[in-house]
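Values quoted throughout were computed directly from the atomic coordinates according to the rules given, and no laboratory measurement underlies them. Not measured: the values here are computed from a predicted model. Counting neighbours? That spans all protein chains shown, and the Cβs are built from the backbone with ideal geometry, glycine included.
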Amino acid sequence: MEKAKILIVEDEAIIAMELESQLQGLGYEVTSIVDTGEKAIKKAEEDKPDLILMDIRIKGEMDGIEAAEVIRNRFGIPVIFSTAYLDEERIERAKITMPFGYVLKPIQERDLKVTIEMALYVAKIDKERRAVEEELRKSQSLLSEIEKIGKVGGWEFSMDTEKLVWTEEIYHLHEVDLTFEPTIGEAVNFYAPTSKPIIEQAVQKSIEHGEPFDVELEIITAKGNLRSVHAIGHTDMENSKVYGFFQDITERKQAEEALRESEYLFSQKFEQSMTATCFYNSDGTIFRVNHEFCRMFGVEEKIITNGRYNVFQDQAAINAGIIPSLRMVFDGKKPNKWAFNFDIAVASDSTGTPTSKKEQVFLEVFGYPILDNEGDLKYVVLQHYDISDRIHAEEKLREGEEKYRRLFEDSIDGYALADPETGIISNCNDAMAGLVGRKKEELIGQHQSILHPPNDLNGGFSPTFRNHTGGKSGEILNAQIITKTGEIKDVNIRARVFKVGNKKFMHAVFRLIE
């Protein structure tokens with residue numbers, strides 16, 4: 001068994017040695033012997049003894065009583081006073097330090113043994129008590145914090161005394177002071193008019209028949225604020241008590257109401273949207289579509305969402321080669337977009353889905369995976385845009401561009417495009433390059449001054465270029481051009497400035513004067 005450690009505080013050396021001998025003989029360990037209060041405090045911190053035997057009258061600036069008070073406050077170590085003089089004044093002073101006992105000098109070994117053992121026992125019990133109290137305090141503090149975070153409190157009602165007890169959080173929920181003493185009637189009166197009959201009936205059944213209750217109602221606090229609450233009660237008939245908890249669910253109710261409003265607004269926007277939209281399950285079946293989707297594909301909502309149609313079994317989707325694009329959304333869980341020519345008739349026949357339309361339609365589709373909190377696929381949203389008109393317009397534009405390109409390339413006149421502000425040539429045909437004895441590559445990217453004799457230039461530009469970018473756009477002007485070898489040629493030039501989007505171009509036609 002581990003020996004109890006004792007610090008001796010005694011300023012008379014002979015008495016200190018006698019005490020040390022007695023304590024060791026009784027089976028205790030003496031950690032140190034000091035002769036002042038200051039040294040006692042220092043050794044108490046260093047040695048951490050189980051008990052201190054303190055002479056009341058010791059030398060130094062503080063006596064044993066003062067030292068004991070400091071030690072108790074700082075370290076909580078029990079102290080036994082030893083003194084040859086025990087007057088009334090010292091007794092009163094010593095009481096303040098809450099000593100664990102007294103021994104009178106000359107100290108008798110038997111008295112010393114009994115006093116030390118009692119002090120150690122009381123100190124042990126006191127330490128255990130303080131530890132239990134600390135754990136209880138922590139538990140109560142934790143419970144209080146949990147109640148605050150969860151906005152929930154507990155209550156107890158005695159059917160014998162009709163006394164109602166609330167935890168602190170319930171006072172806060174009702175916005176009343178902690179000095180408020182609630183009765184069952186006052187507690188019920190906090191409920192809103194529509195909720196009051198419900199809680200009255202629930203409480204009455206609980207008291208009379210032991211029926212538990214679990215209701216969500218509304219209260220009006222002492223400050224007039226309306227709150228939604230969750231009240232639960234359970235009856236202990238054996239002990240004639242009703243227990244329960246009370247939670248503020250106002251934020252949850254507000255969130256639920258906001259969610260209902262949001263779902264309603266989404267539903268309205270979804271149904272009225274001009275974009276054909278559908279929701280797919282992870283297996284490729286459709287579970288929701290809007291009106292525009294039904295109109296675009298000529299299907300009925302109840303048929304397309306009955307689980308029969310599957311996009312991965314749609315031959316029209318397979319023929320169009322869009323399955324890999326779909327897999328990127330469904331399996332890869334990444335947004336994607338694609339465009340393709342969709343044959344509605346093939347889709348209808350291959351999936352057994354009736355449709356009122358049989359034509360082909362050019363579609364641009366945007367796919368979005370919707371994931372849960374764990375990153376797993378919940379469903380897929382596809383938005384479809386009919387781009388048939390755009391595709392046809394682009395085809396006509398390409399045809400027109402091809403006709404213009406052929407006219408541009410095959411013309412016997414020289415054609416050139418340049419920036420009207422910088423004079424940089426952006427394109428020309430072979431005829432233009434031939435007029436100046438160069439290749440097209442030698443002209444494109446060069447300044448238009450390369451086409452004219454140096455003596456004709458004004459500020460780095462030819463006179464005709466300045467006139468055509470000025471007030472003579474579209475007019476035919478006479479000019480001279482110079483070949484790569486230095487030959488001068490007379491030409492007519494017609495040029496005009498035009499705008500494509502936000503960018504300006506100058507288109508010029510050069511014709512040789514024979």
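How many lysine pairs in the stretch 151-253, separated by 8 or more positions in sequence or lying on different chains, have Cα atoms less than 16 Å apart? Let's see the in-between values first.
Details: 151/253; 163/241; 196/205; 205/241.
Number of lysine pairs found: 4.
Angle between the Cα long axis of helix 13-25 and the longest principal axis of the chain, 0 to 90 degrees, nearest 10?
Tilt of helix 13-25: around 80 degrees.
Helix 388-410 versus the longest principal axis of the chain: what is the Cα-based angle in degrees, 0 to 90, to the nearest 10?
With rounding to tens, the tilt is 50 degrees.
Near residue 439, which lysines are there with a Cα under 20 Å away, not counting those fewer than 8 places off in the same chain?
Excluding near neighbours in sequence, the set is 484, 489.
Express the relative contact order of the stretch 411-512 as a whole percentage, based on alpha carbon pairs under 8 Å and six or more residues apart in sequence. Show your work: numbers first, answer last.
Values: 208 pairs, mean separation 28.4, N = 102.
RCO, the stretch 411-512: 28 percent.
Which entries of 3/124; 302/333; 5/42; 396/499 have Cα-Cα distances beyond 19 Å here?
Violating the 19 Å Cα-Cα cut-off are 302/333; 396/499.
Can you give the relative contact order of the chain as a percent, counting alpha carbon pairs under 8 Å and 6+ residues apart? Walk me through the numbers before you get to the answer.
Values: 869 pairs, mean separation 29.6, N = 514.
RCO, the chain: 6 percent.
Per-residue HN-Hα couplings for the stretch 319-328, Karplus 6.51 cos²θ - 1.76 cosθ + 1.60 at θ = phi - 60°, whole Hz, x for Gly and Pro?
Along the stretch 319-328, the couplings run 4, 6, x, 9, 4, x, 5, 5, 5, 4 Hz.
Would you mind calculating the relative contact order of the stretch 5-127 from Cα pairs under 8 angstrom and at least 6 residues apart, reporting the percent as a whole number?
Working: 192 pairs, mean separation 26.4, N = 123.
Here the relative contact order equals 21 percent.
Once the Cα atoms of helix 250-272 and of the chain are each reduced to a long axis, what angle between those two axes, in degrees from 0 to 90 to the nearest 10, is obtained?
Rounded to the nearest ten degrees, it is 10.
Could you give the nm distance between label points at residue 222 and residue 131, where each point is 7 Å from its Cα heading toward the beta carbon?
Here the answer is 4.1 nm between the modelled labels.
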